[in-house]
C-alpha cells in the first residue's frame with residue numbers, strides 16, 4: 001500500500017510517498033522512507049508521531065493513503081511566549 005511520511009525541521013521539509021506492506025506499522029514506514037538518514041537528529045524515543053495530526057504509537061498499523069508525521073520537540077517554554085490573535089483587554 002502507498003502512504004506518505006512527512007517531517008520538517010523548520011528549515012528543510014520532507015514529504016515522501018512510499019510503498020509498504022499491508023501490515024506495516026508507523027515505525028516500519030518511517031524506517032523504510034529513509035527520513036532517518038536524511039534527518040539524523042530525529043529521535044523516535046523522544047519525538048512524537050502521528051497520522052493526519054492524531055498522535056499514535058510507533059506500533060500503530062497503517063491504512064492505505066495514511067500520512068505519517070514526525071513532530072519536532074517544542075524548543076521554547078510555551079508559558080513564556082506571548083499569545084497571538086487573542087483579544088486584548090482594550091478591545092472592548
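Sorting 26, 11, 35 from the fewest to the most surrounding beta carbons within 10 angstrom yields 11, 35, 26. Can you compute the label reach from residue 57? Point 7 Å from Cα along the Cβ direction, backbone N cut-off under 19 Å, restricted to the stretch 29-45. Zone members listed by number: 29-31, 44-45.
If you take the square roots of the eigenvalues of the alpha-carbon gyration tensor of the stretch 2-73 and sort them as a ≥ b ≥ c, do you get rounded (a/c under 1.5), prolate (a/b over b/c) or oblate? Cα axes put the stretch 2-73 in the prolate bin. Extension gain for the segment residue 46 to residue 14, taken as residue separation times 0.36 nm less the Cα-Cα distance, is 9.6 nm to one decimal. Residues 17, 32, ranked from the fewest to the most other C-beta atoms within 10 Å, line up as 17, 32.
Neighbour counts of C-beta atoms inside 10 Å place 57, 48 in the sequence 57, 48, starting with the fewest.
Rule-based calculations on the coordinates, nothing more; no lab input. The structure presented is a predicted model; accordingly, all values stated were derived computationally and were not measured. FYI the Cβ positions are ideal-geometry reconstructions off the backbone, even for glycines, and counts take in every protein chain you see.
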